[in-house]
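Okay, so here's the structure we're looking at.
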Ligand SMILES: [Zn+2]
């Protein structure tokens, strides 16, 4: 992506978005999205946005950039009052210090389907556009899928294509980083739908 490609896909496991600077968590050891954002900043990009569409809030990513104004973090996720990571990702967490206003948390309730999810995505995309990033990093988790064994949203395989199309409409250089997704039989198709939609 830094060499001028429109997009790239990082097919990495385990996920990374629960890992902070000095801790692991939620199957995550290395925060791939955060490492990528740092690499982009080091390569001279002034502002990077991270959009996290995994079922779970990316507490590690938020924590790493919470007081930074050059990396914006937006996340759509299960309400942390009912779901892991429980103590992070509430709507009133918006950043601090130089990062004040550069974090956006959009928790949505358990049982949400694409119709309930899409307005939050619209809000996140508007917010990212107004931040004016040079590039976008997507933390893509397919654990929003209805058949996911540890999660409680109701997205269908066919919903990942319009989700990705809406994200692509930002028209930014975009790195898509694989996060969660535990319905193993459906995971390949859910990823393929997202990538082809993008
Ligand atoms: Zn997850």
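The table for this structure:
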| item | result |
| --- | --- |
| Theoretical ellipticity at 222 nm over the chain - DSSP helices of four or more residues, -39500 (n - 2.57) apiece, nearest 500 | -9000 deg cm²/dmol |
| Separation in nanometres of the label points that stand 7 Å from Cα toward Cβ, at residue 196 and residue 3 | 2.7 |
| The chain: antiparallel DSSP beta bridges as a percent of all, rounded to 5 | 5 |
| Residues 127, 88, sorted so that the one with the fewest Cβ neighbours within 10 Å comes first | 127, 88 |
| Label point 7 Å beyond Cα of residue 169 along Cβ direction - residues of the stretch 111-144 with amide nitrogen under 14 Å | 118-129 |
| Computed over the stretch 7-197: relative contact order in percent, which uses C-alpha pairs under 8 Å that are six or more apart | 24 |
| Spatial separation of Cα centroids for the stretch 116-135 and the stretch 11-79, in angstrom | 16 |
| The chain - convex hull of the alpha-carbon atoms, volume per residue in Å³ | 102 |
| Segment residue 21-residue 129, extension gain: residue separation times 0.36 nm, minus the distance between their alpha carbons | 36.2 nm |
| Burial order of peptide ranges 166-178, 111-123 (average beta-carbon count within 10 Å, highest first) | 166-178, 111-123 |
| Chain lengthening between residue 81 and residue 184 when straightened (0.36 nm per residue, less Cα-Cα) | 34.4 nm |
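Values quoted throughout were computed directly from the atomic coordinates according to the rules given, and no laboratory measurement underlies them. Computed from a predicted model, the values in this text were never measured in an experiment. Because the Cβ atoms are built from the backbone with ideal geometry, glycine has one as well, and the counts that use them run over all protein chains shown.
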